[in-house]
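Nothing in this text is a laboratory measurement; each read-out follows from the coordinates by a stated rule. Since this is a predicted model, take the numbers as computed values, not measurements. Every residue, glycine as well, gets a Cβ built from its backbone with ideal geometry; the counts of neighbours run over all protein chains shown.
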Amino acid sequence: MIVGDNMSFFIQYDTFLVTDGGFMLGPFNFWINNKAYPGERCNVTISSAIPILQGSLERLMEFKFSNKELKLEDIDFLEEKINEKNLMYFYVGELGDYGFGMMVNVVDDQITVYYKTEDFNYKSIKMDLSYFIGIISSLKC
C-alpha cells in the first residue's frame, strides 16, 4: 500500500505474513526524496507500527512548539534539554531498530521532519502539516 501523493514524501508498506496471533508482518518504509527509509531490509510488525506512529501523531497535535524555524546545522540532536522546546521526538517504534529516527518541528502550518539513518546523519524535509497528518492518520492495519 502506498499512502501519500507527493513523490517527495510518502509511506509504503505491505503485509506478507499474518501470524496465528493475528500480527501482521511486512516491509514498511518512509519514502523521502526518492529514497526508502529505513530501507530494503526493513520488516516490522505492521499491526503495532501503525498504532505507534498514530500515537506519535496524537502527541504532535498536543505538543506546544516554540513556532521557531530551526536550521539543520544548528541542531544538536543529542542534547534533549535544548531541543525539548523546539523539537518533538516522533517515536517510530520498530523502525528505530533499523537505524531510522524522526524528530519534528512545526511552525504555523508547516512541519519540518528531521530524519536520520543508522549512521546518525540527519536530513530534513519540509511540507504542509495537513499533508503529514493526512498520511499518518490514514494508515490502516
In degrees, nearest ten, helix 46-62 long axis to first principal axis of the chain (Cα): 20 degrees
Difference of contour (0.36 nm per residue) and Cα-Cα distance, S130 to D74: 17.6 nm
The stretch 47-71 and the stretch 76-141: distance between their alpha carbon centers, rounded to Å: 8 Å
Backbone N under 19 Å from the Y89 label point (7 Å along Cα→Cβ), restricted to the stretch 21-58: 38, 49-58
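Please report, in debye to the nearest 20, how large the charge dipole of the chain is about its Cα centre when each Lys and Arg carries +1 at its beta carbon and each Asp and Glu carries -1 there. Please report the intermediate quantities before stating the final value.
On the way: 12 positive and 20 negative charges, 25 e Å.
So the magnitude is around 120 debye.
Classify the stretch 67-128 as rounded, prolate or oblate, taking a ≥ b ≥ c as the square roots of the eigenvalues of its Cα gyration tensor: rounded when a/c is under 1.5, otherwise prolate if a/b is larger than b/c and oblate if not.
Working: a/c = 1.73, a/b = 1.43, b/c = 1.21.
Since a/c reaches 1.5 and a/b is larger than b/c, the shape of the stretch 67-128 is classed as prolate.
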Distance-filtered residues of the stretch 22-44 - backbone nitrogen under 15 Å, label point 7 angstrom along S8 Cα→Cβ: 31-35
Cross-link pairs K35/K123; K35/K71; K71/K123 - those with Cα-Cα distance over 18 Å: K35/K71
Distance histogram for the chain (every C-alpha pair counted, 5 angstrom bins, percent rounded to whole numbers): 2, 10, 20, 24, 21, 13, 7, 3, 1, 0
